[in-house]
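The values are calculated or read from the model by the stated rules, or taken from the named source; none is laboratory data. Everything quoted here is computed from the prediction, not taken from an experiment. Note that we place each Cβ from the backbone using ideal geometry, even for glycine, and neighbour counts take in every protein chain shown. The area values use the complete protein model at the heavy-atom level, side chains included, leaving out ligands, DNA and RNA. Shrake-Rupley method; radii C 1.70, N 1.55, O 1.52, S 1.80 Å.
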Amino acid sequence: MPSERKPMRYGHSEGHTEVCFDDTGKFIVTCGNDGDVRIWEGLDDDDPKFITVGEKAYSLALKNGKLVTASSNNTVQIHTFPDGDPDGILTRFTTNATHVTFNSSGSRVAAGSSDFMVKVVDVADSSQQKTLRGHEAPVLSVTFDPKDDFLASASCDGSVVVWNIEEQTQVISWPLLQKSNDVSNAKSLCRLAWQPRTAKFLAVPVETKVHLYERGSWDHVTTLSDDLLTQPINVLVWSPCGQFLAAGSIGGLLTVWDVNSKLCVERQKHEKGFTVCGLAWHPSGSQIAYTDTEGCLGLLDGLSTSSSTSITTTTTSKATAKKPEKDYDDLFDDDDDRLMDEGQSDTNSPAKKAVVGGDDDDDDDFLVPATGRVRNRGAILDDENSLDTGSLRLGQGLYGDDDDAGSTVEPAAAPLVPLRPVYEGPLPTPPQKAFQPGSTPAHLTHRFMMWNSVGIVRGYNDEQDNAIDVEFHDTAVHHAMHLTNSLGHTIADISQEAVLLACPSTDELASKLQCLHFSSWDTNKEWMVDLPKGEDARALCLGQGWAAVATSALMLRLFSVGGVQREVFSLPGPVVCMAAHGEQLLVVYHRATGFDGDQALGVQLLQFGRRKRQTINGEPLPLSHKSHLSWLGFTAEGTPCYVDSEGMVRMMNRSLGNTWTPVCNTRETCKSKSDHYWVVGVHENPQQLRCIPCKGSRYPPTLPRPAVAILPFKVPLCQTTTEKGQMEEQFWRSVLFHNHYSFLSSSGYEIDEDGQSQSQKEQQELLMKMFALSCKLEREFRCVELAEMMTQNVVTLAIRYASRSRRMALAQRLSEIALEKANQIQEEEAEEQEEEPDYSSIRRTTSGYGSRHTQEEEEEEREEELEEEEEGQEMEMEESAEARKRLNPFAKEASSPVTPSPTPVGKAGRANPFKVLGAAKPSAAAGQPRVTNILDNMTSSRKSAPLGGSAGKSSKNPVLKPLAPRPKTKTQSTLLQMTTTKAANKKNQVNTEPAADQQKQPDVPPPASPENTENKRPKTGFQLWLEENRKSIVADQPDLQETDVIKEAMGRFRTLSAEERLSWTERAKGQTGDAADLKKRKREGGGGGGGGGDAENENGQTEADENSAKKKKSLDPSSKLSAFAFNKN
């Protein structure tokens, strides 16, 4: 049933408008918000006659020369038609009537009102009234049963009621609609329609469908629907023949169904997408007039419907048998051209068609030529006057043809296939409009133009005032400002340096960009620039020292904050929004049309540092299904993140190739469906999502001033109710939220090193807890996987845990991992010696491998298996020693192969031992510069303070206590040397710098693997060292055999740093050089603070540890283990 949609025309002032035809179909009659009834002789009538019926006309009905209107003076009036003379008042209500309608004969009028009443009035004698009471809210619509027994009404109370008119009683009531408090707030006008003639069905619009109820039984017989209908249906009207039902919906869709086949036979869209609120079918059935809520009138012409339903059965069934299945093949066939030519000869002109169609014998040929294909291809391409296969297929003859010949062509109504290939796939989504993140919608008179971490920009645009208020969270940045908004700025941004505003263009004026550069040191603190003609600002943002504006011409223009024009480049699609932070610019735009409710957005991330580059180039932006982007920004630390309309917050994971990880779902904390959180800022440290709770709305009002709430983050891992799931979630969240350290340091920013080391510690602690849990659950493979993510000194701890849990196979595997980690670091050091990069991103696994050994070997209650294991490992170490001989003792540690991003550390540009790992090994190393004491960090928070202090002081004793029962005195001296070397670097302030300085010791931390330089040559360096230290060893353990003394000494020697061991070897060779230098520095730094302390330490340590060893023996091994793995303090 293809029809032509005529252009809309202005009818009344904007607001609810209704339409009907007179009985002859000669006039179109409309009423509207201006209180006029207009009588049009056709859509092109430029001077329609009008009748003023009141201030507003809510509804009208016309029959038998009587025009009935519901007007704003609470009356239902009657006028003569077409003269328009007043003919009295039919009835009154206490508020305005909402809908009036005639019965089929025109003898009675029914009217529904906002005072919950329905009245049925006799036109001839208005004293004959029946009042139907029972609705509990304003009445939306009324309709008469064509047989005049019943009346149906719909109301804002959500019910549709059928009344017996004579008895004034309710026959049945269906609760079908959404409740509302007034007609103006109702989702739909719910205009009911009773089938004319047969009166078989009552049609009720329910949301996007039409329910048909059978008269008499009042059963719900069938539902008419259409996939394209996504918004509620407002009005229904039957064709005069009763076979077709037309519906007008909120979104402007006009749909016509054939009720017998339940097929949609016509779809049209309102040209501007406005709500259709009035529908009328021409008495002939060939036109539908419709009106919208903006007061405009439109017409669908050329609808071919038939009033005689009998015709459909007269056709040949032969034709139909072949036709439908051929339909689509034929459309796109290879011999199209030939068929087209055939078609031209005899079927393409309307005149010839009628002739061919009229000849009964011929009609099979006409429909299906010899080729077996439809010859009437022209119908698809022809103008609307030609007979078209739509009407053929649907069995609706050419209405109004005097000559019934055309009807013989119609096939039987059995297999109903609509003519045009109907697209039934997913529908395109309307693209979301550009917006400023942190602003509320532009149509509000009082709105937030921007709310971010710097301040708030409010816009006021009411009768009194068009102004902008700027307020800073920290008034030290700048005092509050009040600006008159004479240019009509609609978008704004605010930063520590400036306020940026932009207004759209008008017919006379260009779109302007205005910047109030309040941080400028000169007197001119404002600049303005006009955009080129035809280019409007759509989104803007302020970075550090620069501003960006994206325009409707798909351009992005950069300016300096002082007003110098900088780069300009094109965007791949219309911008949606932008955000900036420091030197980063994040742009989101439409990369394509989305389907099925999804938006297809692309994202670009640019960096304007020393080298300008694009980090993300046009990747798709992941959104929840059927959602749109609602906020875009950066965390306070500079990581891009965004929120979609489903409340899902996603953050960029730089360590996983710039992917987007969901970190919070704000909907989970909402109490009701209509509540939302309006995000204003995100912080990674501390982990906070700052947002404003909005009850029953998506955004907050400007007054009263909204309060900011803080939501926690939660990575959506599986089974987060279990202990394992919780620890995994905490671990990965910690990794994700501390990626910013490496990014900031690589961009040359100073970072909070305490915070970073704290995060490393937290991650390693979680890994250790997960390791202990997996051990308990006897998941040894999982333990090894966890150990892969640990730093080396935590692996040491894990090995001891495993060996005490009697899991020797696991301990063996873990020691292999430890060795591997050690070798890795050695290789890195070697590489770095060859080429020293400016920035190295270092994952420091600082605990020397040798120190691991000493920890294991010297335990008093160690077992024979462990001894064997160690001997095996010593062999491995000797093999790898060769590679280490060449090392430069002062080389920085090379960057770990698993860390992709380079990480310079702020001040010194030195290697950063606290780098969060890259994607391969995401658990960042807790890189404590101490050699043996991973446990300090693991088990005691109060011990983090002395970490960076002088190792020589006896105050260190308690710190080392939780170590293995037999500590190594030389470990202590290693620490001393480290600290003193550092002290020399730091102008001999041995004791002053706190833990923050640990990161700045690239030269010092011991390499992870024992550098047995002595293995491949006479062990001169070791012998030299042994001579000097034998006394202290013997003093420590007087009962040792000679071989044991050497073994003990080897263990201790191994705990020395590479530099020291090298220096002993150099001394043995008699060379002086770097090594001598190192010793000298060692003496300077360590002489005063360290010398005596060392001896003191050794004694105190030995005592303390003997005690602890005794205690430990009495403990059950497993309780001991869990004690140190889970103890937080």
Inset, instruction - Considering each of K147, K187 in turn, give the residue that is at pLDDT below 90 and closer than 22 Å to L224 by Cβ. - result: K187
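Okay, residues lined up against (1) of a type in the set (G, A, S); (2) out of contact with any Gly (no Cβ under 9 Å at 6 or more places or on another chain); (3) touching a residue at least 24 places away in the same chain (Cβ under 8 Å):
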position: Q168; (1), (2), (3): no, yes, yes
position: L176; (1), (2), (3): no, no, yes
position: S180; (1), (2), (3): yes, no, yes
position: S184; (1), (2), (3): yes, yes, no
position: Q195; (1), (2), (3): no, no, yes
position: L202; (1), (2), (3): no, yes, yes
position: H211; (1), (2), (3): no, yes, yes
position: V235; (1), (2), (3): no, no, yes
position: G252; (1), (2), (3): yes, no, yes
Inset, instruction - May I ask you to say which residue of S774, S734 is among the hydroxyl-bearing types (S, T, Y) and closer than 20 Å to T635 by Cα? - result: S734
Legend entry - Residue tally, condition assigned to a helix (DSSP H, G or I) and either open to solvent by less than 60 Å² (accessible area, probe 1.4 Å) or at pLDDT 85 or above (or both), over the range 1047-1072: 18
Legend entry - Unmet requirement for M1, which otherwise passes all of (1) open to solvent by 30 Å² or more (accessible area, probe 1.4 Å); (2) modelled with pLDDT under 85: (1)
Legend entry - All positions within the range 22-48 that are touching a residue at least 60 places away in the same chain (Cβ under 8 Å), surrounded by 22 or more Cβ atoms within 10 Å (Cβ to Cβ) and hydrophobic (A, V, I, L, M, F, W, C): I28, W40
Inset, instruction - Quick one: which residue in R690, R705, R733 is within 29 Å of S645 (Cβ to Cβ) and in contact with a strand residue (DSSP E or B) (Cβ under 6 Å, 6 or more places away or on another chain)? - result: R690
Legend entry - Residue that is nearest to Q688 (Cα to Cα) [pool: residues in the range 722-743 that are open to solvent by 30 Å² or more (accessible area, probe 1.4 Å) and under 25 Å from the mean Cα position of the chain (by Cα)]: R733
Inset, instruction - Kindly establish whether M578 is under 24 Å from T429 (Cβ atoms), open to solvent by less than 30 Å² (accessible area, probe 1.4 Å) and touching a strand residue (DSSP E or B) at 6+ places or on another chain (Cβ under 9 Å). - result: yes
Legend entry - Positions within the range 54-64 being open to solvent by 30 Å² or more (accessible area, probe 1.4 Å) and touching a residue at least 40 places away in the same chain (Cβ under 8 Å), in sequence order: K56, Y58, K63, N64
Legend entry - Enumerated strands (runs of 3 or more DSSP E) restricted to the range 54-118, each holding at least 3 residues that are under 19 Å from C20 (Cβ atoms), in contact with a strand residue (DSSP E or B) (Cβ under 8 Å, 6 or more places away or on another chain) and among the small types (G, A, S): 57-63, 108-113
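Okay, residues lined up against (1) in contact (Cβ under 8 Å) with a residue 24 or more places away in the chain; (2) among the hydroxyl-bearing types (S, T, Y); (3) under 29 Å from F472 (Cα atoms):
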site: A498; (1), (2), (3): yes, no, yes
site: E508; (1), (2), (3): no, no, no
site: E526; (1), (2), (3): no, no, yes
site: S570; (1), (2), (3): no, yes, no
site: L586; (1), (2), (3): yes, no, yes
site: G597; (1), (2), (3): yes, no, no
Inset, instruction - Quick one: which strands (runs of 3 or more DSSP E) lie wholly within the range 149-195 and hold at least 1 residues that are touching a strand residue (DSSP E or B) at 6+ places or on another chain (Cβ under 7 Å) and surrounded by fewer than 17 Cβ atoms within 10 Å (Cβ to Cβ)? - result: 159-164, 169-175
Inset, instruction - Considering each residue of the range 282-302, count those that are buried (at least 21 other Cβ atoms within 10 Å of the Cβ) and part of a strand (DSSP E or B), and give that number. - result: 10
Inset, instruction - Kindly list the number of the only condition in (1) open to solvent by 10 Å² or more (accessible area, probe 1.4 Å); (2) within 30 Å of C264 (Cα to Cα); (3) β-branched (V, I, T) that fails for T17. - result: (1)
Legend entry - Entirely in the range 445-520, the strands (runs of 3 or more DSSP E) that have 2 or more residues that are open to solvent by 20 Å² or more (accessible area, probe 1.4 Å) and either out of contact with any Gly (no Cβ under 9 Å at 6 or more places or on another chain) or at pLDDT 95 or above (or both): 455-461, 481-484, 512-516
Inset, instruction - Check every one of the strands (runs of 3 or more DSSP E) wholly within the range 202-256 and list those with 1 or more residues that are of a type in the set (D, E). - result: 209-214
Inset, instruction - Filter the range 14-42 down to residues that are in a loop (DSSP other than H, G, I, E, B), among the β-branched types (V, I, T) and closer than 20 Å to K66 by Cβ, then give me how many there are. - result: 1
Inset, instruction - Would you check if I51 is in a strand (DSSP E or B) and either modelled with pLDDT of 90 or more or open to solvent by less than 30 Å² (accessible area, probe 1.4 Å) (or both)? - result: yes
Inset, instruction - Report, by residue number, each residue of the range 250-281 that is more than 35 Å from the chain's Cα centre (by Cα), of a type outside the set (G, A, S) and surrounded by fewer than 20 Cβ atoms within 10 Å (Cβ to Cβ). - result: N260, K262, L263
Inset, instruction - State whether one or more residues within the range 615-631 are among the charged types (D, E, K, R) and either assigned to a strand (DSSP E or B) or open to solvent by 40 Å² or more (accessible area, probe 1.4 Å) (or both). - result: yes
Inset, instruction - Report whether or not S674 is at negative phi, surrounded by 18 or more Cβ atoms within 10 Å (Cβ to Cβ) and among the small types (G, A, S). - result: no
Inset, instruction - Quick one: count up the residues across the range 556-572 that are under 21 Å from Q599 (Cα atoms) and surrounded by 17 or more Cβ atoms within 10 Å (Cβ to Cβ). - result: 1
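Here's the yes/no breakdown for (1) under 19 Å from N452 (Cβ atoms); (2) open to solvent by less than 10 Å² (accessible area, probe 1.4 Å); (3) in contact with a helix residue (DSSP H, G or I) (Cβ under 6 Å, 6 or more places away or on another chain):
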{"residue": "K695", "(1), (2), (3)": "no, no, no"}
{"residue": "P704", "(1), (2), (3)": "no, no, no"}
{"residue": "A709", "(1), (2), (3)": "yes, no, no"}
{"residue": "L717", "(1), (2), (3)": "no, no, yes"}
{"residue": "Y749", "(1), (2), (3)": "no, no, no"}
{"residue": "F771", "(1), (2), (3)": "no, yes, yes"}
